[in-house]
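Asks: Structure below; questions to follow.
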Amino acid sequence: MSPPAFWYNPKARLWPALLKPFAWAVAAIARVRAQQSGWRAPVPVLCCGNISVGGTGKTTVVIDLVNRLVARGRVPHVLTRGYGGRVPDGTQVMPLSHSATDVGDEPLLLAQYCPVWVGADRAVTARRAVDAGADCLIMDDGLQNPSLDKTFSVVVVDGVVGFGNAQVLPAGPLREKVEDALPRAHALLIIGADAANIAQQGVDFGLPVFSADLKQVGIPDSLRHTACVAFAGIGRPEKFFGGLRAAGLRIEETFSFPDHYAYKEHDIKHLQEQAQRLKAQLVTTPKDAMRLPDSFRQSVIEVGVQLVWQDSAAPEHLLDMFLAQPA
């Protein structure tokens with residue numbers, strides 16, 4: 001399902017007012033959970049989380065930081081929930097034997113860069129990772145998960161939509177109140193233009209604020225000379241489509257699906273028919289590709305994204321702050 005429009009309309013009044021009692025309950029539960037203490041790992045734990053639901057670019061941030069930690073000679077392992085997966089907590093992702101149905105799409109993508117462990121109980125996954133040799137841990141999401149103590153937490157925000165109407169679920173897109181979450185954070189990372197003035201909120205809470213953009217990468221030259229039909233089932237598909245257009249691709253038609261969507265046979269048939277009708281090449285994200293059957297995936301071109309920091313020294317400074325914290 002797509003998020004309701006009133007979540008991102010600060011002028012909307014009716015639905016947020018009607019849903020406010022439920023939002024109070026969600027906020028109260030989140031506040032109580034945040035006060036719980038979790039397992040303290042013997043290695044530093046970096047959480048890349050967010051306050052709102054939907055795609056903010058966390059996984060791309062995690063990949064960037066993993067690569068930088070590896071370049072420093074560290075041995076990072078990633079802990080992630082594994083959305084929609086069915087394996088037990090504490091399972092290491094094995095790309096050759098696991099599918100997106102088993103462990104989720106993002107874990108399969110992350111496993112191309114370092115060892116990845118899935119499970120809602122982050123204490124279980126952390127113990128397994130440490131036993132397997134990790135000397136630092138990165139959580140992809142989990143800011144609201146109390147099962148593991150965080151050494152350093154980075155709140156990742158989509159600068160275009162910010163915190164929406166600033167209301168908690170279901171009255172808005174937030175998992176908890178901003179004033180409850182930011183005091184637990186150590187840094188704020190804004191992805192894209194700061195249209196919602198999120199940087200000022202970070203400054204108000206005494207947080208260092210970093211900025212980065214997403215850039216489409218891995219575009220084959222052949223794709224620049226043909227019509228394209230793009231499809232995506234991610235948090236904000238329009239970000240992907242806009243990035244393709246900004247890269248100069250000729251996008252004839254786009255199809256949006258819910259985040260983590262499991263593509264059905266009729267979806268695939270429809271996409272193939274539209275591409276054939278328009279004499280176009282099908283294009284999607286690497287995350288979506290993890291959920292496609294191999295026979296169809298071979299006919300689709302994947303175009304990924306890369307994090308581009310506005311200050312090239314910023315990510316190393318962020319990692320210096322993280323590694324300087326006592327584990």
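Asks: What residue among V217, L18, M94 has its Cα farthest toward the positive end of the dipole of the chain, where the charges are +1 on Lys, Arg and -1 on Asp, Glu, each on the Cβ?
Replies: Going by the Cα projections, it comes out as L18.
Asks: Which whole-number percent gives the relative contact order of the stretch 117-250, counting Cα pairs below 8 Å spaced six or more residues apart?
Replies: Values: 145 pairs, mean separation 22.2, N = 134.
Reported relative contact order: 17 percent.
Asks: Then there's this: Counting DSSP beta bridges with both partners in the stretch 182-327, what percentage is antiparallel, nearest 5?
Replies: On the way: 6 of 22 bridges.
Given both bridge residues lie in the stretch 182-327, the antiparallel proportion sits at roughly 25 percent.
Asks: Using the Cα centre of the chain as the reference point, and only Cβ charges (+1 on K/R, -1 on D/E), how large is the resulting charge dipole? Debye, rounded to the nearest 20. Kindly include the intermediate steps, with their values, before the conclusion.
Replies: Numbers: 32 positive and 32 negative charges, 92 e Å.
That gives the chain a dipole magnitude of about 440 debye.
Asks: Using θ = phi - 60° and the Karplus curve 6.51 cos²θ - 1.76 cosθ + 1.60, what whole-Hz ³J(HN,Hα) does each residue of the stretch 281-298 get, with Gly and Pro shown as x?
Replies: Per-residue couplings from phi come out as 8, 6, 9, 8, 8, x, 5, 5, 4, 5, 9, 9, x, 4, 4, 7, 4, 5 Hz.
Asks: If you add up the charges near V66, with Lys and Arg at +1 and Asp and Glu at -1, over every other residue whose beta carbon is less than 12 angstrom from its beta carbon, what do you get? Please report the intermediate quantities before stating the final value.
Replies: On the way: positive: R68, R72, R74; negative: D64, D140.
Charge balance in the 12 Å sphere: +1.
Asks: Have a look at F257, A187, V168 and report the one farthest towards the positive end of the charge dipole of the stretch 137-262, computed about the Cα centre with Cβ charges (Lys/Arg +1, Asp/Glu -1).
Replies: It is F257, whose Cα lies furthest towards the positive end.
Asks: Given Cβ point charges of +1 (Lys, Arg) and -1 (Asp, Glu) and nothing else, what value in debye, to the nearest 20, does the dipole of the stretch 61-131 about its Cα centre take?
Replies: Working: 8 positive and 7 negative charges, 56 e Å.
Here the stretch 61-131 has a charge dipole of around 260 debye.
Asks: Select from V229, Q298, Q325 the residue farthest towards the positive end of the dipole of the chain; place +1 on Cβ of Lys and Arg, -1 on Cβ of Asp and Glu, and compute about the Cα centre.
Replies: V229
Asks: Among DSSP bridges having both ends in the chain, what percentage is antiparallel? Round to the nearest 5. Don't jump to the answer; show the numbers that get you there.
Replies: Values: 9 of 48 bridges.
Counting only bridges with both partners in the chain, antiparallel ones make up about 20 percent.
Asks: In addition: Using a probe of 1.4 angstrom, how much of the accessible area of the chain is carbon and sulfur, in percent? Write down the numbers at each step before the final one.
Replies: Numbers: 7990 of 14920 Å².
Its accessible area is 54 percent carbon and sulfur atoms.
Asks: Before anything else, pin down the relative contact order of the chain: Cα pairs under 8 Å, at least 6 apart, normalised by residue count, whole percent. Could the numbers behind the result be given before it?
Replies: Details: 667 pairs, mean separation 70.0, N = 327.
Once normalised by length, the contact order is 21 percent.
Asks: Within a Cβ distance under 11 Å of V308, other residues only, what is the Lys/Arg minus Asp/Glu net charge?
Replies: Values: positive: K215; negative: D64, D213, D311.
Charge balance in the 11 Å sphere: -2.
Asks: Specify whether the C-alpha gyration tensor of the stretch 33-181 places it in the rounded, prolate or oblate class, a ≥ b ≥ c being the square roots of the eigenvalues: rounded for a/c under 1.5, otherwise prolate if a/b is larger than b/c and oblate if not.
Replies: Note, shape of the stretch 33-181 comes out prolate.
Asks: Stretch R224-M94 to full length: gain in nm at 0.36 nm per residue minus the Cα-Cα span? Don't skip to the answer; put the middle values down first.
Replies: Details: separation 130, 0.36 × 130 = 46.80 nm, distance 3.40 nm.
Stretched fully, the R224-M94 segment lengthens by 43.4 nm.
Asks: If you rank R184, R128 by how much accessible surface each has, with a 1.4 Å probe, what is the order from largest down?
Replies: Working: R184 70, R128 110 Å².
Reading off the accessible areas and sorting them downward yields R128, R184.
Asks: Take R277 and A262, extend 7 Å from each Cα along the Cα→Cβ direction, and tell me the distance between the two endpoints in nm.
Replies: 2.8 nm
Asks: Hey, another quick one. For the chain, what is the calculated [θ] at 222 nm in deg cm²/dmol (nearest 500), taking -39500 (n - 2.57) for each run of four or more DSSP H residues and dividing by its residue count?
Replies: Numbers: 12 runs with 109 residues, N = 327.
For the chain, the value works out to -9500 deg cm²/dmol.
Asks: Only four residue types carry charge here, +1 at the Cβ of Lys and Arg and -1 at the Cβ of Asp and Glu. Report the dipole size of the stretch 104-232 about the Cα centre in Debye, rounded to the nearest 20.
Replies: Working: 9 positive and 16 negative charges, 15 e Å.
Roughly 80 debye for the stretch 104-232.
Asks: Follow-up. Note down the relative contact order for the stretch 234-309 as a percent, whole number, built from C-alpha pairs under 8 angstrom at least six residues apart.
Replies: On the way: 51 pairs, mean separation 20.8, N = 76.
Contact order relative to length: 27 percent.
Asks: So how do R72, R86 rank on accessible area, 1.4 Å probe, biggest first, that is with the largest at the start? Could the numbers behind the result be given before it?
Replies: On the way: R72 90, R86 165 Å².
Listed by decreasing accessible area, they come as R86, R72.
Asks: Something else now. Could you compute how much accessible surface H225 exposes when probed at 1.4 Å, giving the result in Å² to the nearest 10?
Replies: Accessible area, nearest 10 Å²: 150 Å².
Asks: Taking only protein heavy atoms into account and a 1.4 Å probe, give the accessible area per residue of the chain in Å². List each step's numbers first, then the result.
Replies: Numbers: 14920 Å² over 327 residues.
Normalised by residue count, the accessible surface of the chain is 46 Å².
The values are calculated or read from the model by the stated rules, or taken from the named source; none is laboratory data. Please read these numbers as outputs of a predicted model, since none were measured by experiment. FYI the Cβ positions are ideal-geometry reconstructions off the backbone, even for glycines, and counts take in every protein chain you see. Accessible surface areas use protein heavy atoms only, side chains included; no ligands, DNA or RNA. Shrake-Rupley method; radii C 1.70, N 1.55, O 1.52, S 1.80 Å.
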